[in-house]
């Protein structure tokens, strides 16, 4: 199990990336910051921040997961771009740019947003290419944290209640862009036999980090969520179609009808045949 150490990368080579970001922020009169995949601040906010502004206050925060949806509440404009490490083909976080916008200033929000989007795209290119040089010079092993399998994590996986999962996914919400993309991919491919490795690679995260992030953001392990969505769709098909149970099982990526029936009963309390005739009346 391993995870990329973004903080070490930012601080390496005499803080080259930090100095570059600080200089760009001051020159362009914006704030720049880097968030990890968990939306936590990695090395402070770069740029000259006026005391009392929202951006200055945010410099004291670590979790900025709600920033993109609350930008108008904070009187600022904001843009970001994902950061990927080519040598391991993983997303490691995102580069973010922001600017305070006072209601009385008369600044055009759309124009500011478009400019910030261009700056975020440029900084993504800058950081990824400088990172490539740093990693080539120092070696990827200097920026990878390796973990042994945590027994407590394995136990946590067993604590998920399949019986409550169907209710939980109805009210589940997350603002993490990687998890949103993963959920969209899962929901579009319920007919396939998806694995943790496949889905984590689609959002450019290590399987270890993706597993922990998914559980933190959704409250469910990847496998429980995946099966809950498959069973949720099976419930609809059983009630609203005349497809056979065997066809429904196959169409949802189950290789054996017996396993589908066992899983369905775990999540709903009914066998598929009984649910079709008696359930949800």
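Checking the structure you have, find out if any residue of the range 158-168 is modelled with pLDDT under 90, touching a strand residue (DSSP E or B) at 6+ places or on another chain (Cβ under 6 Å), in a helix (DSSP H, G or I) and closer than 26 Å to residue 64 by Cα. No, every residue in the range 158-168 fails to be modelled with pLDDT under 90, touching a strand residue (DSSP E or B) at 6+ places or on another chain (Cβ under 6 Å), in a helix (DSSP H, G or I) and closer than 26 Å to residue 64 by Cα.
Here is the figure for the range 234-281: residues that are farther than 20 Å from residue 168 by Cβ and outside any loop (DSSP other than H, G, I, E, B) total 22. All of (1) within 30 Å of residue 139 (Cα to Cα); (2) in contact with a helix residue (DSSP H, G or I) (Cβ under 6 Å, 6 or more places away or on another chain); (3) at pLDDT 80 or above hold for residue 79 with one exception: (1).
Does any residue of the range 47-56 turn out to be closer than 30 Å to residue 201 by Cα, touching a helix residue (DSSP H, G or I) at 6+ places or on another chain (Cβ under 8 Å) and either at pLDDT 90 or above or buried (at least 18 other Cβ atoms within 10 Å of the Cβ) (or both)?
Initial filter on the range 47-56 (closer than 30 Å to residue 201 by Cα): none.
So far as the range 47-56 goes, no, none of its residues is closer than 30 Å to residue 201 by Cα, touching a helix residue (DSSP H, G or I) at 6+ places or on another chain (Cβ under 8 Å) and either at pLDDT 90 or above or buried (at least 18 other Cβ atoms within 10 Å of the Cβ) (or both).
Could you say which residue among 246, 189 is exposed (fewer than 14 other Cβ atoms within 10 Å of the Cβ) and modelled with pLDDT of 90 or more? After applying the criteria, what remains is 246.
Residue 186 fulfils the conditions (1) over 15 Å from the mean Cα position of the chain (by Cα); (2) farther than 20 Å from residue 3 by Cβ except for a single criterion, (1). From the list 21, 116, 9, 123, the lone residue that is buried (at least 19 other Cβ atoms within 10 Å of the Cβ), modelled with pLDDT of 90 or more and touching a helix residue (DSSP H, G or I) at 6+ places or on another chain (Cβ under 6 Å) is 9.
The values are calculated or read from the model by the stated rules, or taken from the named source; none is laboratory data. Every value quoted in this text rests on a predicted model; they were computed, and no experiment measured them. Because the Cβ atoms are built from the backbone with ideal geometry, glycine has one as well, and the counts that use them run over all protein chains shown.
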